[in-house]
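Everything on this sheet refers to the single structure shown next.
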Amino acid sequence: REQPGYFSSFYGRRAFRILPLYWLLLLIATPDHWGYYLFFLQAVPWLQFSYPMTEPTFVSWTLAIEEQFYLILPLLIWSLPREWLVRVLWCGVLIAPVCRWLFHAHLPDLSWEFLLPCRLDELFGGVLLACFVRGHCRSPPVWAALACAPMLCDLTYAAAFGPFSFLGISAFACGVIVWAGINVQKTVLLKPFIWP
């Protein structure tokens, strides 16, 4: 974050990689409420008017979540001291299952699937894994316990109210796979971690 061009480098690379193809998609398959799509806010009209699952632009929901995350993360890294950054990231991880519960109970259909707050355990969890690998973890047992919390929340909700998301489990499993892959010393042992 101390390097010159921190923001321009980060945002520039992603803009050149993502925006031209994305805007081409919006030109070819012009969605209703396209103004929201330009700013990756397509979930706003979707919440109001239902989800256009048959439209070709519907697949952009994952890109919208990713871009919203990319807008937030560099600002957090740049503005917060490392200790506070880690705390904010953990708050996001722990808030995600609560958001899933609340949104599942109060929003139509599976709206929570398409909203950033419900996906923070996956996204911030990846950043925390990078922090862990760089040695920013003071207590591995505490981090491991915190990493289990979203998974346990999703399992508890599923047990109490029926079928539900297993994003917490998948985020935890992906974190374990990446961590194990990083710590493997022999390349022959790395092969089982590459496919997942």
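Couple of notes before you dig in:
- FRET efficiency estimate (nearest 0.05) - Cβ-Cβ, VAL142 to TRP78, R0 30 angstrom: 0.70
- Multiplying the residue separation of MET53 and TRP179 by 0.36 nm and subtracting their alpha-carbon distance yields 41.9 nm.
- With Cα atoms as the point set, the radius of gyration and Dmax of the chain evaluate to 18.5, 53 Å.
- The Cβ shell under 12 Å around CYS174 holds other residues with a net charge of -2, Lys and Arg each +1, Asp and Glu each -1.
- The calculated FRET efficiency for the pair TRP34 and LEU107, based on their C-beta separation and a Förster distance of 22 Å, comes to about 0.45.
- Each stretch of four or more DSSP H residues adds -39500 (n - 2.57); spread over every residue of the chain, this sum gives -23500 deg cm²/dmol at 222 nm.
- In this simple spin-label model, placing a label point 7 Å from the Cα along the Cα-to-Cβ direction at both SER170 and TYR70 gives a separation of 2.1 nm.
- Portion, in percent, of the accessible area of the chain that falls on carbon or sulfur, probe 1.4 Å: 71
- For the range 97-189: rounded, prolate or oblate by the Cα gyration tensor [a/c cutoff 1.5]: prolate
- Taken as entire DSSP H runs, the helices of the chain that both span 20 Å or more between Cα atoms along their own long axis and average 0.0 or more on the Kyte-Doolittle scale are 6-28, 61-79, 82-106, 140-161, 167-183.
- Bins of 5 Å from zero: percent of alpha-carbon pairs in the range 1-76: 3, 14, 25, 23, 14, 10, 7, 3, 1, 0
- Cα centroid of the range 82-123 to Cα centroid of the range 1-80, whole Å: 18
- Placing a pseudo-label 7 Å from each Cα along the Cα-to-Cβ vector at ALA15 and PHE161 gives an inter-label distance of 4.0 nm.
The values are calculated or read from the model by the stated rules, or taken from the named source; none is laboratory data. The structure displayed is predicted, hence computed values, not measured ones. Here the Cβ is made from the backbone with ideal geometry for all residues, glycine too, and neighbour counts use every protein chain on show. Surface areas here come from the heavy atoms of the whole protein model, side chains and all, with no ligands, DNA or RNA. Shrake-Rupley method; radii C 1.70, N 1.55, O 1.52, S 1.80 Å.
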